[in-house]
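Bear in mind that the values in this text are calculations on the coordinates, not laboratory data. Not measured: the values here are computed from a predicted model. Please note: Cβ atoms are built from the backbone with ideal geometry, for glycine as well, and neighbour counts cover all protein chains shown.
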Amino acid sequence: MSAARSTALGASAAEAVPPPVDGPLVATGTQLSRYVVQERIGRGAMGEVYAAHDPELDRRVALKLLRPEGRHLEELRLRLLREAQALARLAHPHVVTVYDVGVCEDCVFLALELVEGASLAEWLEAPRPWQDVVRVFVDAGRGLAAAHAAGLVHRDFKPGNVLVGKDGRVRVTDFGLARPSHRRGSGHAAPASLDTVTAPASLVDSPLTHSGALLGTPAYMAPEQLQGHGVDARSDQFSFCVALYEALHGVRPFEGRTLEALGQAAREGRIRAPERESKIPARVRRAVLRGLRAQPEERFPSMEALLTELAPALEGALPGWAPPLPWRVS
């Protein structure tokens with residue numbers, strides 16, 4: 001595809017562009033603020049993504065628009081504004097760049113960099129050597145580590161929320177569910193069950209979910225997130241390792257037809273056998289399995305520590321590859 005979705009809009013990769021059952025929210029040529037809409041390139045449960053032209057800077061951008069239908073519209077508006085603030089905290093090569101956020105008539109929009117490429121979910125549809133898979137995930141992990149260093153927890157890491165550019169650069173996107181950590185860099189966030197709908201001055205520092213709400217994609221959620229308990233950077237680490245296990249072995253590590261069954265399998269550590277055999281280094285397998293442990297304290301203390309364990313497997317396996325550098329917030 002010529003242009004990847006700039007966000008997955010809360011939908012899986014398979015749902016990001018469903019068969020068109022109705023027309024786009026805005027027509028080609030429509031001007032939103034200073035942006036001129038060109039074409040719709042993504043669609044999900046919460047909104048749509050369009051390619052657009054920014055005439056002032058003469059560049060193409062991706063516009064994420066909020067769908068003006070359904071309930072809790074104000075909450076969704078706040079989510080989009082919070083995503084902009086979350087992304088504005090990050091200036092990192094492996095996190096999608098935010099340019100602008102605004103309101104035009106009844107439409108709330110977010111202007112992001114337009115990434116030429118595909119989602120990680122689409123990229124993984126073709127057979128890939130384990131070295132390439134681990135390299136892409138290490139780069140995505142760098143983006144997550146940067147978010148954690150900025151005091152944010154993504155809460156919805158999955159292949160549909162990662163973009164792989166045609167230039168090979170990997171970017172984590174869709175921070176609409178991101179939450180701040182109470183202690184910068186520690187990743188300890190307040191329990192999701194205490195969330196309320198609020199609108200203080202800094203939206204990125206406010207919880208925006210209803211009490212007891214389950215947000216994110218269950219198949220990639222950590223046990224504590226499925227149970228509605230507190231989430232932190234180690235919860236993102238669990239989601240990361242679910243996606244990496246799936247990418248390497250062709251099957252998700254935990255199976256369950258219901259949320260309860262899925263959570264129980266994860267809590268009991270009942271990991272499914274690989275669907276395909278591959279020559280994955282034992283060090284990589286051990287690292288992934290540690291990241292999938294049910295108790296957060298038994299996982300790696302940080303994404304940086306996990307990446308430090310994964311990275312050596314690539315040294316010498318990929319020409320020109322360099323190990324990740326620690327990311328620090330100034």
Going by average Cβ density within 10 Å per residue, which order do the peptides 51-63, 110-122 take, highest to lowest? 110-122, 51-63
Calculate the spin-label point distance for E116 paired with D100, positioning each point 7 Å from the Cα along the beta-carbon direction, and give it in nanometres. 2.2 nm
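Relative to the present Cα-Cα distance, how much length would full extension add between A294 and L259 at 0.36 nm per residue of separation? Walk me through the numbers on the way to the answer.
Numbers: separation 35, 0.36 × 35 = 12.60 nm, distance 1.51 nm.
So the extension gain works out to 11.1 nm.
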Lysines whose Cα lies under 25 Å from that of K279, excluding same-chain neighbours fewer than 8 positions away: K158
Non-local residues with an amide H under 5 Å from the amide H of Q38, with H modelled 1.01 Å from N and Pro and chain starts lacking one, are G29, A51, A52, H53
Residue by residue through the stretch 137-152, what is 3J(HN,Hα) from phi via Karplus (6.51 cos²θ - 1.76 cosθ + 1.60, θ = phi - 60°)? Round to whole Hz and write x for glycine and proline. 5, 4, 5, 4, x, 4, x, 4, 4, 5, 4, 5, 5, 7, x, 10
Cut-off under 5 Å, modelled amide H: who pairs with Y99 long-range: A111, L112, E113
Interchain or sequence-distant (5+) residues whose placed amide H lies within less than 5 Å of the amide H of C104 are F109
For the stretch 231-244, what does the Karplus curve 6.51 cos²θ - 1.76 cosθ + 1.60, with θ = phi - 60°, yield as ³J(HN,Hα) per residue in whole Hz, taken in order and with x for Gly and Pro? 10, 8, 4, 6, 6, 4, 4, 4, 4, 4, 6, 4, 5, 5
Neighbourhood charge, 13 Å Cβ-Cβ cut-off, centred on R293 and excluding it, Lys, Arg +1 and Asp, Glu -1: +2
May I ask you to evaluate 6.51 cos²θ - 1.76 cosθ + 1.60, the Karplus curve with θ = phi - 60°, for each residue of the stretch 263-269 and list the ³J(HN,Hα) values in order in whole Hz, giving x for glycine and proline? x, 5, 4, 5, 5, 8, x
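Taking the Cβ-Cβ separation of V36 and R128 as r and a Förster radius of 30 Å, what is the calculated FRET efficiency to the nearest 0.05?
On the way: r = 37 Å, r/R0 = 1.23.
Given R0 = 30 Å and the Cβ-Cβ separation, E is 0.20.
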